[in-house]
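Worksheet for the structure shown next.
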Amino acid sequence: MLSKAKLKQYQQLGSKKFRQKYGLFVVEGLKSVNELVKSDWTVECILCTSSFSDQHNQNLNFQCDSISREEFYKISGQKNPQEILAIAEIARPTLAESNWEIALDTINDPGNLGTIIRIADWYGITKIYCSKNSVDMFNSKTIQASMGSFLRVELVEGNLDELLRNKEVYATLLEGANIRTMDKPQAGVILIGNEANGISKEVLDALNPVAVSIPRIGKAESLNAAIATAICCERLIG
């Protein structure tokens, strides 16, 4: 049975302030919870509704405590949750380095960040640098969108001009070397900008990156940040 104190604490994990205070975050969905349980991350508890337990109990290979739907929806950050979630300790695992890395300048949408984490995992990228004003990695929507890939990609938050110093950076801009035809580098950092404003002038001036562009054939003004990341990864790494 979930105590009132724990319910209140878990409700508060929707806020970055309280995630940092308690060192905990929420992982939602059966696939992500399954991957979490198999990992080295510490799980405090796994919670589900009675209906989910009745439907899936025979197929679960871990202990799941049932709570009411009302309690579940107070904790969940999703509009239509799968009715299973885990509370886990925030960890910053050190992973093996990869030739390529990703840097994100002021990414605001948690779904975009989660998708970019998943893309990084697909292409074997183990580290993403995020500017301090980017969305929190442990936002429940970010974790949900990553589909478990957050377990295999390290996110480092800080000032990009310091984090990327002495690294070969490839910045996605409207004007730059055609990413389809340029010589493929062996390693580097793919720099992706804010969904609305792109890469800030301050970051560009500090890093003096190699400008690369994704040729536009139609009339769309811009690409979604996650889509741009996927195209860059395919052209530079794939």
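Couple of notes before you dig in:
- Compared with the direct C-alpha span, the chain from Asn80 to Val156 gains 24.3 nm at full extension, assuming 0.36 nm per residue.
- Residues of type lysines that Lys141 reaches as a straight line, Cα spacing below 25 Å, ignoring anything fewer than 8 places off in the same chain: Lys4, Lys6, Lys8, Lys16, Lys17, Lys21, Lys31, Lys38, Lys74, Lys79, Lys127, Lys132
- Rounded to 10°, Cα long-axis angle of helix 225-236 versus longest principal axis of the chain: 60 degrees
- Classified by the C-alpha gyration tensor, the chain has a prolate form. Its axis ratio a/c, with a ≥ b ≥ c, is 1.5 or above, and a/b is larger than b/c.
- At an R0 of 25 angstrom, the distance between the Cβ atoms of Asn208 and Arg180 translates into a FRET efficiency of 0.60.
- Share of pairwise Cα separations in segment 100-236, more than 26 Å, in percent: 15 percent
- Full extension of the chain segment joining Ser200 with Arg92 gains 36.2 nm, where the gain is 0.36 nm per residue of separation less the Cα-Cα distance.
- For Ala103, the shell of other residues with beta-carbons less than 10 Å away shows a net charge of 0, using +1 for Lys and Arg and -1 for Asp and Glu.
- Taking segment 4-89 and dividing mean pair separation by its residue count, relative contact order in percent (alpha carbons under 8 Å, at least six apart): 45 percent
- Site pair Tyr22 and Asn34 shows an inter-label distance of 2.7 nm when each label is modelled 7 Å from Cα along Cα→Cβ.
- Between 0 and 90 degrees, the angle of helix 110-122 with respect to the longest Cα principal axis of the chain falls at about 70 degrees.
- Full extension of the chain segment joining Tyr73 with Thr42 gains 8.9 nm, where the gain is 0.36 nm per residue of separation less the Cα-Cα distance.
- Per-pair calculated FRET efficiency, R0 = 30 Å: Gln11 and Lys219 via Cβ, rounded to 0.05: 0.10
- With helices as the sole contributors, the chain gives -9000 deg cm²/dmol at 222 nm; each DSSP H run of n ≥ 4 counts as -39500 (n - 2.57), and the sum is divided by every residue.
Where a number appears in this text, it was derived from the coordinates with a stated rule and is not lab data. Computed from a predicted structure; not experimentally measured. No Cβ is skipped: glycine too gets one built from the backbone with ideal geometry, and neighbour counts run over all protein chains shown.
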